[in-house]
Amino acid sequence: QVQLVESGGGLVQAGGSLRLSCAASGTDFSGNAMGWYRQGPGKQRELVATITSGGSTNYADSVKGRFTISRDDAKNTVYLQMNSLKPEDTRVYYCYGIDSGMVYWGKGTLVTVSS
């Protein structure tokens, strides 16, 4: 059974930082893309960042220069370092991984940024 479990969310003041982690089990994502989406109440899920197996990254314009995605294939884990957080970054953050054409999702971790 494939599982992705996010951690690291919480409450932080504007301008602060958080580091999200997503630990995968049940399959090896090292040869595939992984990434992060986020979703707020009443809003569509939006792409935050992706990272390929080769380490190439892509970011939403709203987080460029503030967020950094990385991965540790030995740990089957993807990270999202979030700096200079803003109240509009308040969302539930979901990680995903792709394997054999299937997309697997975590259950999400809540990030709340207070002004």
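The values are calculated or read from the model by the stated rules, or taken from the named source; none is laboratory data. For clarity, every value in this text was computed on a predicted model and none was experimentally measured. Note that each Cβ is placed from the backbone with ideal geometry, even for glycine, and that neighbours are counted across all protein chains shown. Calculation scope for accessible area: heavy atoms of the full protein, side chains included, ligands and nucleic acids excluded. Shrake-Rupley method; radii C 1.70, N 1.55, O 1.52, S 1.80 Å.
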**Asked** Highest mean first, what order results for 83-95, 14-26 on Cβ atoms within 10 Å?
**Response** 83-95, 14-26
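In the chain, how many lysine pairs have Cα atoms under 22 Å apart, counting only pairs 8 or more places apart or on different chains? Each step should come with its number before you reach the end.
On the way: 43/64; 43/86; 43/107; 64/86; 75/107.
Going through the chain pair by pair, I get 5.
Going by average Cβ density within 10 Å per residue, which order do the peptides 70-82, 40-52 take, highest to lowest?
Working: 70-82: 18.2, 40-52: 14.2.
Answer by packing, highest mean first, reads 70-82, 40-52.
Where only protein heavy atoms count, and the probe is 1.4 Å, what is the accessible area per residue for the range 29-104 in Å²?
Values: 3660 Å² over 76 residues.
Counting only protein heavy atoms, the per-residue value for the range 29-104 is 48 Å².
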**Fill in**
For the range 3-115, the accessible surface attributable to carbon and sulfur atoms (probe 1.4 angstrom, ligands and nucleic acids excluded) amounts in percent to 48 percent
